[in-house]
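Inspection log for the structure reproduced underneath, given as structure tokens.
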Amino acid sequence: MHLALTNQIAVVTGASSGIGKAIALALGAQGARLCLLGRNVRTLGLAAPHAAKFTLDLANEPQICEVATRLQRDLGGVDILIHSAGVFVPDRAGTAASAEFDRQRQINVQAPSLLTHELLPTLRVRQGQIVFINSSVSRQPPAGVSQYTATKTALKAFADNLRNEVNGQGIRVLSVYPGRTATPMQAAIHRMEDKAYRPEQLLQPEDIASVIINALSLPRTAEVTEIDIRPMHKS
Ligand SMILES: NC(=O)c1ccc[n+]([C@@H]2O[C@H](COP(=O)([O-])OP(=O)(O)OC[C@H]3O[C@@H](n4cnc5c(N)ncnc54)[C@H](OP(=O)(O)O)[C@@H]3O)[C@@H](O)[C@H]2O)c1
């Protein structure tokens, strides 16, 4: 147990599933006070019944601003902001619909940028921490995912700029670059690739949650800026 996280107010997007759900559960186990954001409050409730929950569709920008205001009013502030929600659409460069690009850009980049912006005042006051779940595609772009890779690369740039801007105000910013992780998103990717899905050979969402908890718990003399994490089994 890391006492550093006890009673910290932690806001998590994407907490209904996969990596976000594992991070929310791990933060809860450390005594953090959870606030989960998602499209379906019932599904969020299944993840962590005692958490505060707010309905939020990250495609809806006015709703992001409203929820950010309510969060600060109802919770009194935010210490930890975890951006895990994301969408993936496969494409070959230049062949995919621009509507799919818009959707991925909105959910994977613009929404985390706007939510961060809206919560920065409270994060400054509370010397907060911000975590972006990025992807290994930003490190080594694979073939066939040009739009998704473009959005995750933009998210990396946003996080790196933000860190330069807010570090001096006591805010830590961490980007995490996981490889293939056993979640519903990865199961769907395997179906699209027509590959057998063997979740036991992939990274587990709990592996990612574990390294994030360690990074968030470090003394304030240190900052982990980036974490690359891959499945041990290489296919
Ligand atoms: N799985 C992997 O192999 C892998 C590898 C590298 C990076 N990542 C990244 O890790 C993050 C989490 O992915 P995952 O694998 O855990 O996927 P997942 O199990 O499919 O979960 C995705 C989450 O995003 C939320 N979400 C999607 N669209 C939303 C919207 N419009 N508004 C609010 N929430 C929305 C979903 O909520 P709903 O319940 O409302 O759908 C869900 O909670 C993503 O950013 C992904 O790009 C995943």
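A simple spin-label model places pseudo-atoms 7 Å from Cα toward Cβ; at residue 160 and residue 97 they are separated by 3.3 nm. Placing R0 at 25 angstrom, the Cβ-Cβ distance between residue 73 and residue 210 gives a FRET efficiency of 0.15 after rounding to 0.05. For segment 96-165 and segment 32-67, compute the distance between their C-alpha centroids and round to whole Å. Their Cα centres are 19 Å away from one another. Restricting the calculation to Cα atoms, segment 42-119 shows an Rg/Rh of 1.04 when the hydrodynamic-style radius is the Kirkwood one. Charging the Cβ of each Asp and Glu at -1 and of each Lys and Arg at +1, and nothing else, the dipole of the chain about its Cα centre rounds to 220 debye. Phi angles across segment 100-110 convert, under the Karplus curve 6.51 cos²θ - 1.76 cosθ + 1.60 with θ = phi - 60°, into 3J(HN,Hα) values of 5, 5, 4, 5, 5, 4, 4, 6, 8, 10, 5 Hz, Gly and Pro given as x. Taking the convex hull of the alpha carbon positions in the chain and averaging its projected area over all directions gives 12.4 nm². Surface exposure of segment 9-229, expressed per residue as accessible area with a 1.4 Å probe, stands at 44 Å².
Rolling a 1.4 Å probe over the protein heavy atoms of segment 9-229, with every protein chain left in place, gives an accessible area that is 52 percent carbon and sulfur. Calculated on the alpha-carbon coordinates, the convex hull of segment 95-220 measures out at 119 cubic angstrom per residue. Summing +1 for each Lys or Arg and -1 for each Asp or Glu among the other residues whose beta-carbon sits under 15 angstrom from that of residue 40 gives +3.
The angle between the Cα long axis of helix 111-125 and the longest principal axis of the Cα atoms of the chain comes to about 20 degrees, rounded to the nearest 10.
May I ask for the longest run of the chain untouched by trypsin sites (Lys or Arg not before Pro) that are loop-located per DSSP and have at most 11 neighbouring C-beta atoms (other than their own) within 10 Å? Of all site-free stretches, the longest is 93-194. Can you tell which of 48, 86, 75 lies farthest toward the positive end of the dipole of the chain, using +1 and -1 charges on the Cβ of basic and acidic side chains (Lys, Arg; Asp, Glu)? It is 48. 3J(HN,Hα) along segment 62-71: x, 5, 4, 5, 4, 5, 4, 5, 4, 4 Hz, from the Karplus curve 6.51 cos²θ - 1.76 cosθ + 1.60 with θ = phi - 60°, whole Hz, x for Gly and Pro. What do you get for the angle between helix 205-217 and the principal long axis of the chain? Use alpha-carbon atoms, 0 to 90 degrees, nearest ten. Taking the Cα atoms of the chain, the angle to 205-217 is about 30 degrees.
The values are calculated or read from the model by the stated rules, or taken from the named source; none is laboratory data. Keep in mind it's a predicted model, so treat the numbers as computed, not measured. Because the Cβ atoms are built from the backbone with ideal geometry, glycine has one as well, and the counts that use them run over all protein chains shown. Accessible surface is based on the protein model in full, side chains and every heavy atom, while ligands, DNA and RNA are left aside. Shrake-Rupley method; radii C 1.70, N 1.55, O 1.52, S 1.80 Å.
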